[in-house]
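What follows is calculated from the coordinates using simple rules that are stated; it is not laboratory data. Not measured: the values here are computed from a predicted model. Here Cβ is always computed from backbone atoms with ideal geometry, including for glycine, and neighbour counts include all displayed protein chains.
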């Protein structure tokens, strides 16, 4: 378990969107354009690093029974401070990321990583986890939003400049509407699973989804065949 | 009991630290945020108003009901060249929709910029797109019908975002009502007051 391997883990093996399937609400809501996807991803990346490090620092001080409210207070305080500082000193950045900042507090990736990782690991490793998960989230949102904007609009525009334009293309509006979010996400999830299964077959091992491995560490207990686990057990 | 006290103590401490941190950040960022907003307002005003001499001058009116309205006027060669003012509709999809309207001397809507909205990104937020706003500009504010096609007007609503499109029409209609209320007062004040420095 090195710093680098922890960063890489969030990108593919435990990708928060496609593997752990966390934070679906912001994922489906903001991926209508690449600019929105990137904005939400980068804003979440910064908050995730900050909250992971902070929570890791206080992990031995906070009693178990009140840890979840404490994590939420820490994440919400951090988000509000970042929001105010950005408004005051980087108005241009705040204008493009501004609407995503308040949404981050309710993103369950923040609480999920605090609970599953930062509360059990030292600050440096938690930073690596936050960085990896944040990058993985940004990457996933970029992929989904590129597909949706391209099919739904026929072009891709990032911060005012046209990046890609499909000529003579009749856009499918459905893809940008909420149902299109579910359809795109479903297709991408299926494609990723298909690829994983093919890869496993080629290497001669049986394919096992990442989900149980992650939920087993979870003490909230939404999916756990052995009952709630003790933290750190 | 001892455990309970510890839990309450930790929660209180965490909330207290958060509260203090937020208060300090708020105090230190209040002034820069206000200045930034002021600068952005004047940048937007310049986009909707015809070119004039100096910065737009605010004129503040209060009606009998106590509603305060601010009009920004710009002058050229001693005459009124343009009026800009904010209009709000409470009927947006995700909250109020506020726009800044700019009129030239003939009362034609010259510019329209959305200054505040919380519409769905990628859907309702498209009311801020130039293509949609172009349906409003170039028409006389008085005498045009500010309604979407579904309501019998000339404006093509954005597909999937009729409520947001309707809200912008509503905001413009509200602006029109407010403008008519003060039209003569603006003309009188602009004719009387010499162009002065903005604060």
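A straight line joining the Cα centroids of the stretch A:155-196 and the stretch B:24-68 runs 39 Å. Arranged from fewest to most other beta-carbon atoms within 10 Å of their beta carbon, A:83, B:104 become B:104, A:83.
Can you grab the distance from the C-alpha centre of the stretch B:79-146 to the C-alpha centre of the stretch A:1-45, Å, no decimals? Value for the Cα centre distance between the two parts: 36 Å.
Does chain A classify as rounded, prolate or oblate by the C-alpha gyration tensor (a ≥ b ≥ c root eigenvalues; a/c under 1.5 gives rounded; else a/b over b/c gives prolate, otherwise oblate)? Taking the square roots of the gyration eigenvalues as a ≥ b ≥ c, chain A is oblate. With a simple spin-label model that places each label point 7 Å from the Cα along the Cα-to-Cβ direction, the separation between residue B:156 and residue B:129 comes to 1.0 nm. Peptide A:62-72 has a mean shielding of 3, counted as Cβ atoms of other protein chains within 10 Å of each residue's Cβ.
With contacts taken as Cα pairs under 8 Å and at least 6 residues apart, chain A reaches a relative contact order of 29 percent.
Put in order of Cβ neighbour count within 10 Å, fewest first, the listed residues B:89, B:164, A:171 become A:171, B:89, B:164. In this label model, residue B:70 and residue A:199 are separated by 5.6 nm, measuring between points 7 Å along each Cα→Cβ vector.
Other protein chain C-beta atoms within 10 Å of residue C-beta, averaged over A:81-91: 5. Peptide B:13-26 is shielded by partner chain Cβ atoms: per residue, an average of 4 of them sit within 10 Å of its Cβ. Shape class of the stretch A:1-63 from the Cα gyration tensor (axes a ≥ b ≥ c, square roots of the eigenvalues): prolate, since a/c reaches 1.5 or more and a/b is larger than b/c.
Counting only DSSP H runs of at least 4 residues, each contributing -39500 (n - 2.57), and dividing by the residue count of chain A, the helix-based mean residue ellipticity at 222 nm comes to -20000 deg cm²/dmol. Under the shape rule built on the C-alpha gyration tensor, where the axes satisfy a ≥ b ≥ c, chain B is oblate, since a/c reaches at least 1.5 while a/b does not exceed b/c.
Normalising the average separation of contacting C-alpha pairs (under 8 angstrom, six or more residues apart) by the number of residues puts the relative contact order of the stretch B:49-192 at 21 percent.
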